[in-house]
Amino acid sequence: MAVVMPDFLYEERRFQLVIIGGGPAGIAPLLAAHHAGQLDDLLSAGVAIVERSGALGAGTIGHYAINSDSSGATFVDCLRSPVPTPLTALYDHPLAKSLAAAGDGAVPLRDAGRFLALVGAALEAMVRDDAGCAVLTRHTACHVRRDRDGWRVTVRDEHGNQRVLHARNVVLATGGHQPEERLAAERVGGATLVDLCGDRLVQSGDVLGLGGLQRMADRLSGLDDPRVAVVGGSTSAAAVCHALLNRMPTVRFKAGGITLLHRRPLRIYYPDAQSALAEGYTEFDEDDICGISGKVFRFAGFRLDSRELIMQARGIGGRAPEPRLALHCLQRSADPQTLDSQALDPHALGILDRADIVVAAFGYRPRALPVMDMDGTPVRLLSQTGPQQPLVDGQCRVLDGAGTALPNLFGIGLSAGFVPRGALGGEPSFRGQANGLWLWQKDVGGLIVDAVRRPPKPTSRQPLQENVDAWS
């Protein structure tokens, strides 16, 4: 007997906005609209959210066995709105109170994930309450195809049934990943890490993710003098070092047991220049200070647990030393896109050779789904042309391979490559990408909301005043 599927599975619906990915970045534009008192207006225009898991909000953030580099107050700040809403009511929830009590301190990402799941559930109910909106959990976006009025988004449910959503605007919030092929391209001292390290090489996501530290401990616990080399200078690199030192009680590292090999200087965040100078930190000038907030290395600087560890290792501000962590700055390359050097670095090669495990912490690359032109021709994105190329421009617009913004297609989240400029603040010297919940939920999400609500001519947005010390 043939199974007759409900008609709504194949119905093509129209929306002003389709968000692909309902994790922390995907819900950020909705939280930005909520903060500005614009969420009801945005929903009345028609919003759909496509999420492969069974719930909105948390994504995989709670799967990491580390603390946040955002303060507890930053997480709870997403509930603010000019008027009472189901989200503002969450201020009284015990979990929200617990995070708020952390103030400017870090919180376990496990708790952050639980809180964002709570926020996601409230948002999901608000979206579902509007007849012109839809929440498609346990659905996967297959591809987006441009049409005359915007985009056609093909989605598939867990049973394999497909449907098409017509969207004036689409936001890609599909997260990031650590492609293994990138390891084959990264070179240190004239050779690739794969050639140098073989099966001793792992990626930072594998260490910090579910069960990662236990796997590390299983490999290191029986060694008299375990040694780990961490390659990279990002927040994730410092987070790996902190986790190895503090979350594996069965592993006894001796002096220099962990070495962080980095190319760029390790910058330290300070709330203002006076605080930095008071601790003897002078490695900055006017280009390293945010013109809006006055913060030193607002985007490039380490924060919270990672900050304290690097300051200990460097002996900054009278911190007690951490002899188990050594720092080694790799020689600069003629090619700034790699960690390689024209001259061999014997010390770095020796560190890698002696290490029992080598952790590659090169950050994440965008996991963008296939994009097609009107005739079905695949569109190569700029992020697919090189290991450092961004997915988006300074207005969160997705870029094609030539660097041209695709109309009404936006990106947000981990590895999107967004670099704040101008009214959004940040230090002029910053050259990386800014990733942080506060930024996504306020200014960056606001850029997208402004563009969606006024599509013919996106307008500039004045920055929102930070009321917490941490932005991410």
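Using the Cβ of ARG146 as centre and a radius below 13 Å, the other residues enclosed give a net charge of -1, where K and R count +1 and D and E count -1. The label-point distance for ALA125 and GLU158, in a model that sets each label 7 Å from Cα toward Cβ, rounds to 2.2 nm.
Rounded, prolate or oblate: which fits the range 368-412, taking a ≥ b ≥ c as square roots of the Cα gyration tensor eigenvalues, rounded meaning a/c under 1.5, else prolate when a/b beats b/c? Show your work: numbers first, answer last.
Details: a/c = 1.88, a/b = 1.26, b/c = 1.49.
Cα axes put the range 368-412 in the oblate bin.
Applying 1/(1 + (r/R0)^6) with r as the Cβ-Cβ distance of ASP287 and THR404 and R0 = 30 angstrom yields a FRET efficiency of 0.50.
When the dipole is taken about the Cα centre of the range 168-260, and only Lys, Arg (+1) and Asp, Glu (-1) are charged at their Cβ, what size is it in debye, to the nearest 20? Numbers along the way, then the final one.
Working: 10 positive and 9 negative charges, 59 e Å.
The calculated dipole for the range 168-260 is roughly 280 debye.
Toward the positive end of the charge dipole of the range 258-407, with +1 on the Cβ of Lys and Arg and -1 on the Cβ of Asp and Glu, the farthest Cα among PRO366, PRO378, GLY394 is that of PRO366.
Is there a quick way to get the dipole size of the chain? I mean about its Cα centre, with the Cβ of Lys and Arg at +1 and of Asp and Glu at -1; what is the value in debye to the nearest 20? Spell out each step's value before the answer.
Working: 48 positive and 51 negative charges, 55 e Å.
Once rounded to the nearest 20, the dipole reads 260 debye.
So what's the back-of-envelope 222 nm ellipticity for the chain, counting only DSSP H runs of four-plus at -39500 (n - 2.57) apiece and dividing by all residues, rounded to 500?
-7000 deg cm²/dmol, from helical runs alone.
So for GLU12, GLU427, fewest C-beta neighbours within 10 Å to most, what's the order?
Values: GLU12 9, GLU427 24.
Least crowded to most crowded, the residues run GLU12, GLU427.
Descending by average beta-carbon neighbour count within 10 Å, the peptides 309-321, 271-283, 401-413 line up as 401-413, 309-321, 271-283, the highest first.
Let a ≥ b ≥ c be the square roots of the eigenvalues of the Cα gyration tensor of the range 25-82; is it rounded (a/c under 1.5), or, if not, prolate (a/b larger than b/c) or oblate? List each step's numbers first, then the result.
Details: a/c = 3.93, a/b = 1.35, b/c = 2.91.
Oblate, since a/c reaches 1.5 and b/c is not below a/b.
When the chain is described by a simple charge dipole with +1 on each Lys and Arg Cβ and -1 on each Asp and Glu Cβ, the residue from HIS139, GLY46, ILE66 located farthest towards its positive end is HIS139.
Sorted by average packing, counted as other Cβ atoms within 10 angstrom per residue and highest first, what order do 31-43, 442-454 take? Let's see the in-between values first.
Working: 31-43: 20.8, 442-454: 23.2.
Ranked by mean Cβ neighbours within 10 Å, highest first: 442-454, 31-43.
Every number in this text was worked out from the coordinates using simple rules, so none of it is lab data. Because the structure is predicted, anything quoted here is derived from the model rather than measured. Backbone-built Cβ (ideal geometry, glycine too); neighbour counts: all protein chains shown.
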